[in-house]
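Scroll down for the structure; my scribbles are underneath it.
The values are calculated or read from the model by the stated rules, or taken from the named source; none is laboratory data. Everything quoted here is computed from the prediction, not taken from an experiment. Cβ sites come from the backbone with ideal geometry, for glycine too, and all protein chains shown count toward neighbours.
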Amino acid sequence: MNDHRGARCARWPLALIVSAALLIALTGGAPARAGDIPDPMPPVEVGDDVTTFLLFGTATGNDRNPGLADMLMLVNINTAAGSAAMLSIPRDLWVYAPGLDRMMKLTSTYYEGETRKLPGGGLGLLRETLRYNLGVEVDHYAHVDFNGFLRLINALGGVTLAVDCIIEDWRLKSPEMDVHVAENYAMFTMPIGLHVMDSETALWYVRSRRTSSDFDRGRRQQDVLRAMWRKIRAGDLLSRLPELWGTVGESVDTDLTLGDLLGLAPFALTVEADRIVPFRFSLGDHLTNAYSPDDAQQAILLPKREAVGELLAQFMQPPTPNQMSRAGLRVQLVNKTSFEDLAYVAADRLAQEGFIAEVVEEAGRYRRYNTIYDYTGTEKGSPLPVLQRVLRVTAEGVVVQPDPARTVDYKIYLGEHYAYWSCTRDVMQPEWSPTATPDAATTSAGD
């Protein structure tokens, strides 16, 4: 698979060095070397009402090249609890591939299974590998390549995303240009704001790693899936599945039948995008940096076995009481800045922590800093520390005014500085000019 590294790698060695230094610092020292083949992970316990889906995308637009698994995500739905969750899996996870009897990066398993024509092909090896290393049994799968992803986004008429971290990376000046020619690329910056993305922009967004990490890329892939789900629900596309099934089949390789999807439709109609619980692996907690033991000395991610098992167990369970209580809180956001869509950026960020926030208009003065009004007065089990962490609010920015007759639990006034401090991700923020507008981010470089 060609991901244009040859055309671009010479342009950003400093970013790679800084990224490596940052990751090493986060894990408390130099990367280790991978060890022996691990024992199989014990199977994750799941209830009868839980169905697990594997969604993966391959980095290829060539029918003769199966490509590497560029995006890997597990989605589970619990029909009894009426809940859904998604877990992004880093492509550089160092795993044992049973069908090949060797250790390798997870991203390579699909390619190897396809090209070596193993039983079950790439999908079979990928499923076996997930079962062995994560203890997860996949019930169904859906797979897209570049072309399939572009067709899906085009069919939806684009997607709308709230971006809370500036992303900067090389991008083709025009989609029809030769991907192998370095001069056909220009630096493209997507500022903070609410963006309507076409298919090419969405693909660039989910693949970019220049100013971020593989972990952050997994988060952005989840963001795009949630945005797609919002568009599907808003357009009532679930009710049109029979007539759209042919289009879906042209874009997605899946073992799901039309009957399967129609059977899931009643459940799907009850699940809003903001209530899909996101899970992600994190460096230090679940994974450590390492080098592969072969001569290639690849940069890999070694799993912390116990922590990974706990993460998978949490992912497979229904929402916790804490998650459910956050969704039940009444949270309002008031934008008191000169940035028009900033409240929607904050609302989306809060949604990823389990809060459902309403954006409201309110007359009043311009503010410099975020302020949280707490009308609950609750101390034990209060979600206030989470709100403060996500929105970067110090103790001085919290006003506690208990009100038994309240119609809202928390009201948050956004200040101008939030536009510069909204990013709480593992991202190297490029310098941002306040004159940048959301419209600039939806236009291809060179237009």
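Quick notes on this one:
- Qualifying residue in the range 294-305 (condition: out of contact with any Lys or Arg (no Cβ under 6 Å at 6 or more places or on another chain), free of Cβ contacts under 8 Å to residues at least 12 places away in the same chain, within 23 Å of Asp92 (Cβ to Cβ) and among the small types (Gly, Ala, Ser)): yes
- Test: Glu362 is outside the structural domain of Leu287 (by TED's automatic domain parsing) and touching a Pro at 6+ places or on another chain (Cβ under 9 Å): no
- Counting the residues of the range 326-369 that are of a type in the set (Ser, Thr, Tyr) and within 23 Å of Ala227 (Cα to Cα) gives 1.
- Residue in the range 156-163 that is over 27 Å from Asp260 (Cα atoms) and surrounded by fewer than 21 Cβ atoms within 10 Å (Cβ to Cβ) present: yes
- Only residues that are within 24 Å of the chain's Cα centre (by Cα) and modelled with pLDDT under 50 were counted in the range 415-436, giving 0.
- When Val393 is tested against (1) under 28 Å from the mean Cα position of the chain (by Cα); (2) surrounded by fewer than 19 Cβ atoms within 10 Å (Cβ to Cβ), only condition (2) is not met.
- Single residue of the range 204-241 satisfying the filter (more than 17 Å from Thr107 (Cα to Cα) and among the β-branched types (Val, Ile, Thr)) that is surrounded by the fewest Cβ atoms within 10 Å (Cβ to Cβ): Ile232
- When the criteria are applied in full, Val331 meets the requirement of being of a type in the set (A, V, I, L, M, F, W, C) and within 25 Å of the chain's Cα centre (by Cα).
- Among the residues of the range 207-231, the ones that are in a helix (DSSP H, G or I) and under 18 Å from Arg349 (Cβ atoms) come to 15 in all.
- Residue satisfying all of: in the range 110-164; charged (D, E, K, R) and in a helix (DSSP H, G or I); farthest from Pro175 (Cα to Cα) among these: Arg131
- Check on Gly377, surrounded by fewer than 12 Cβ atoms within 10 Å (Cβ to Cβ) and over 20 Å from the mean Cα position of the chain (by Cα): no
- Counting only residues that are within 16 Å of Asp409 (Cα to Cα), modelled with pLDDT under 95 and either crowded, with 20+ Cβ neighbours inside 10 Å or touching an Asp or Glu at 6+ places or on another chain (Cβ under 6 Å) (or both), the range 327-349 holds 1 of them.
- Matching residues in the range 275-314 - criterion: being crowded, with 17+ Cβ neighbours inside 10 Å, in a helix (DSSP H, G or I) and at pLDDT 95 or above: Val308, Gly309, Leu311, Leu312
- One residue alone among Asp49, Asp101, Asp36, Asp63 is touching a Ser or Thr at 6+ places or on another chain (Cβ under 9 Å) and either surrounded by fewer than 17 Cβ atoms within 10 Å (Cβ to Cβ) or on the phi > 0 side of the Ramachandran plot (or both), and that residue is Asp49.
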